[in-house]
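This report refers to the structure that appears directly beneath it.
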Amino acid sequence: MTDPHRQRAQARAGAPVAAGAGGGDVSIDGDMVRSAYARWAPVYTLLAAPTALGRKAAVAKVNSIGGHFLEAGVGTGLALPDYTSNVTVTGVDLSHDMLKRANEKIAKERLRNVTGVHEMDLSQLAFADGAFDGAVCMFTITAVPDAAQVMDELARVVRPGGHVVICSHFRAEKFPWTISDRVLRPFATRLGWNPSMKIDGVLGCQTLELISREDAKPSGLFDLLTFRKR
């Protein structure tokens, strides 16, 4: 029987679309992301410093759930040392340059609960249906051509009853973040992510039930969303 979510993903694959599947009007594609993160990889730890509190909140959520999690958009592996022993992690990312640094971190810090990191397109994950107990995606969902397609894929590879955890900045509704969105938006293609993507792009997957939406620090800047697979 054909998986309708995979059909939806395949139908959408191809030309760049507005990041967030209609939730924004900035076009992002894979080549833009690879190019941007090749530039940022050597200094990504410094650049990602403002996301540290949001990342820790997302990892704490995963640790409270436990099991085998897919980290979608693992990047340089900043979050990997923070997972507790009750969590096994498999990481994927589109950027070869970022993954090189993630592998160095895994080896240096002897992260035995990380099964490996793989170069992979989040919209076409090479894992079986229900392969994971959960998936977590931190500050990556706004850097894909179609957030709804990625949400479908995350739902597909998570078992029924499992969880999908998303932490990201979406189009701001509060001052002063509304100002920063307007300032950053013209630079989206060089940044490799869309700073003004609407949250709607991650809320439409029919097999995922939103069970909590939390305001991750800094207040008003990041949303922490937890879904359960139906």
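Computed values, structure above
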| item | result |
| --- | --- |
| Val117 long-range amide H proximity, modeled H, under 5 Å | Gly91 |
| Residue-wise HN-Hα coupling along the range 157-168, computed from phi with Karplus coefficients 6.51, -1.76, 1.60 (Hz; x: Gly, Pro) | 7, 9, 5, x, x, x, 10, 10, 10, 10, 10, 6 |
| Long pairs among Lys100/Lys217; Lys61/Lys217; Lys61/Lys229; Lys56/Lys108, criterion Cα-Cα beyond 19 Å | Lys100/Lys217; Lys56/Lys108 |
| Relative contact order of the range 61-100, pairs being alpha-carbon contacts under 8 Å that are 6 or more residues apart, as % | 49 percent |
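Readers should treat all values here as calculations from the given coordinates under stated rules, not as data from a laboratory. This is a predicted model, so every value here is computed, not measured.
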